[in-house]
1. Please report, ordered by residue number, the strands (runs of 3 or more DSSP E) entirely within the stretch 135-248 with at least 3 residues that are modelled with pLDDT of 95 or more and under 30 Å from TRP63 (Cα atoms).
2. Considering only the stretch 89-133, state which residues are more than 25 Å from LEU37 (Cα to Cα), of a type in the set (Asp, Glu) and over 16 Å from the mean Cα position of the chain (by Cα).
3. Taking ASP252 and the conditions (1) surrounded by fewer than 18 Cβ atoms within 10 Å (Cβ to Cβ); (2) without any contact (Cβ under 8 Å) to a residue 40 or more places away in the chain; (3) outside any loop (DSSP other than H, G, I, E, B), which numbered condition does it fall short on, given that it satisfies the others?
4. Kindly establish whether SER136 is of a type in the set (Ser, Thr, Tyr), closer than 30 Å to PRO42 by Cα, in contact with an Asp or Glu (Cβ under 9 Å, 6 or more places away or on another chain) and in the same structural domain as GLU101 (by TED's automatic domain parsing).
5. Would you check which residues across the stretch 222-240 are under 33 Å from the mean Cα position of the chain (by Cα) and buried (at least 17 other Cβ atoms within 10 Å of the Cβ) and list them?
6. Scan the stretch 85-122 for residues that are closer than 14 Å to PHE166 by Cβ and assigned to a loop (DSSP other than H, G, I, E, B) and report the count.
7. Counting only residues that are out of contact with any Phe, Trp or Tyr (no Cβ under 7 Å at 6 or more places or on another chain) and over 22 Å from LEU49 (Cβ atoms), which one in the stretch 131-149 is surrounded by the most Cβ atoms within 10 Å (Cβ to Cβ)?
8. Quick one: which of LEU207, LEU213, LEU247, LEU279 is under 29 Å from LEU132 (Cα atoms) and more than 38 Å from the chain's Cα centre (by Cα)?
Amino acid sequence: MKTFKFLFAAVTLLLLTLSCEDDNSPVFVAKENTNELKFLNPFASKYLLSEETKTNIADRLIWTEPDFGVQANINYLIEGSTGSSFDVKTDSIKLIGSTKETNLTVLVSHLLSFKPFFDIDDKPDTTTTDGLPNNSATIFLRVMAYMGTDKAPVNATYSKPATVAFSLIEKAVVNKACDPIYALGDALDGIGWSFPGKELVCASDVLEGEITLKPGTFRFFQKVGDWNSGLNYTHYKDASYSIDSKLEDAKDGDNNFKFVGTPGTFTITIDGVNKIITLK
């Protein structure tokens, strides 16, 4: 009987002890990511872009899933920047996209959106100060991972920036007919200042004609008989043309061309593509 009472008391004491234990749910604390967040996909050495292909896929980004130490939804932001430091004070930064997956499709239009931040274009006749095509630029992409849905993410981790070089596809000059112009002036032997003058025919934005020159002045006209359609030395100089050294600005009232070379017959070429006027 004493043994039974002893066992009953022991069990009762055990139950009382267990009932006093703290039954709160476990608290999970997110830890810093222990696995490196990085891109897995290879990047092209250079991406060729154009407005005509802006809806095309430029690349598909794939990255690793970071480990925050707890089971939780992970959100990803993919950012692009003009600088590798992603410094808001010095770099232009744009959001490429967001996802809960570990991959994202980047369109040509996403890369083209950085074009305004660089002095580049798709024109074949514009170059850098070194004489190279000014159609290329480099940006940087990175992925940010964070938990939860906070607008100001906490426990965020970033991948190392990936270098993305791209070039705008330069538009080829369309081979098409163009309007002729007419040369008049006392420097043109046998022509003078009388219309119709000497016609320069045009093809693919290049005007060409054979003229015989002597000391004097001349200019071009777009329409026969229309003195207001003149194209003088200043017109071409202001349009950034390189003009043959045998021709100068007459600096008269009309800023005509002044021939200062040895008299003779020449082929004059006005190249509107490369912006050059030559006498050969």
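The values are calculated or read from the model by the stated rules, or taken from the named source; none is laboratory data. Everything numeric here is computed off the predicted structure, so don't read it as measured data. Here the Cβ positions follow ideal geometry from the backbone for every residue, glycine too, while neighbour counts run over all protein chains shown.
1. 136-147, 162-168
2. Listed by number, the residues that qualify are ASP125, ASP130.
3. (3)
4. no
5. Residue satisfying the conditions is TYR236 alone.
6. 6
7. Per the stated criteria, the residue is TYR146.
8. LEU247
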